[in-house]
Amino acid sequence: MNIINTSIDGLKIFEPKIFEDERGTFIKTFNDEFFQKNGLNISIKETYCSISHKDVIRGMHFQTPPHEHLKVVYVSFGKILDVVLDIRKNSPTYGESFSIELSNINRKVLIIPEGLAHGFKSLVDNTNVICMQTSCYSPENDSGIRYDSFNFNWDCEKPIISKKDQQLSLFGDFKTPFVGEYN
């Protein structure tokens, strides 16, 4: 197993342990002991799965304090372009985004800390995305940034977007509640 740091502080790529034999494949997507040894104290409180058609864009989502959460994301079937936006006011990468392809082929897992908005574009039909988070859903703290309001090219002519996601705040109008000290 391996953890790779990205250009955004705290955002990490986890390359899990994979077991393959004549039956197929077994992937360990979460290992508390390994994460603890690597400075990641992750206490999962809620897990969910989305199944998306090609060109569905979901995001950019996060929860505000005091119900913010770290999120662990992987794809059990299909392929996505996963996108993360730094919305931590005092972060040196505030307003910068990071993207990576996650799929059941490359088997990478993304570890997204508090203070980052998260979204993705499904690249194929029936893509299954699993999200594990360190807090439960809180309707009054549910928030987001509109997917097309920051400097990122989604490369999608006809995105499929929920009405809720179309009505999210524009990044330029957003007042972040994430104002701590960041590296």
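Values quoted throughout were computed directly from the atomic coordinates according to the rules given, and no laboratory measurement underlies them. Remember, predicted model here, so these are calculated numbers, not experimental data. All Cβ positions, glycine included, derive from the backbone under ideal geometry; neighbour counts span all protein chains shown.
So here's what we get for this one:
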| quantity | calculated |
| --- | --- |
| Shape call, segment 1-68: gyration tensor on alpha carbons, a/c limit 1.5 | oblate |
| Entry for Cα extents along the principal axes in Å (calculated from the structure that is shown) out of (i) 56, 33, 31; (ii) 53, 39, 29; (iii) 64, 42, 38 | (ii) |
| Radius 15 Å from Cβ of Glu114, net charge of other residues (Lys, Arg +1; Asp, Glu -1) | -1 |
| Computed over segment 11-73: relative contact order in percent, which uses C-alpha pairs under 8 Å that are six or more apart | 15 percent |
| Low-density loop positions, trypsin sites (Lys or Arg not before Pro), segment 21-81 - DSSP coil, at most 10 other Cβ in 10 Å | Arg23 |
| Segment 2-173: relative contact order in percent, alpha carbon pairs under 8 Å with at least 6 residues between | 30 percent |
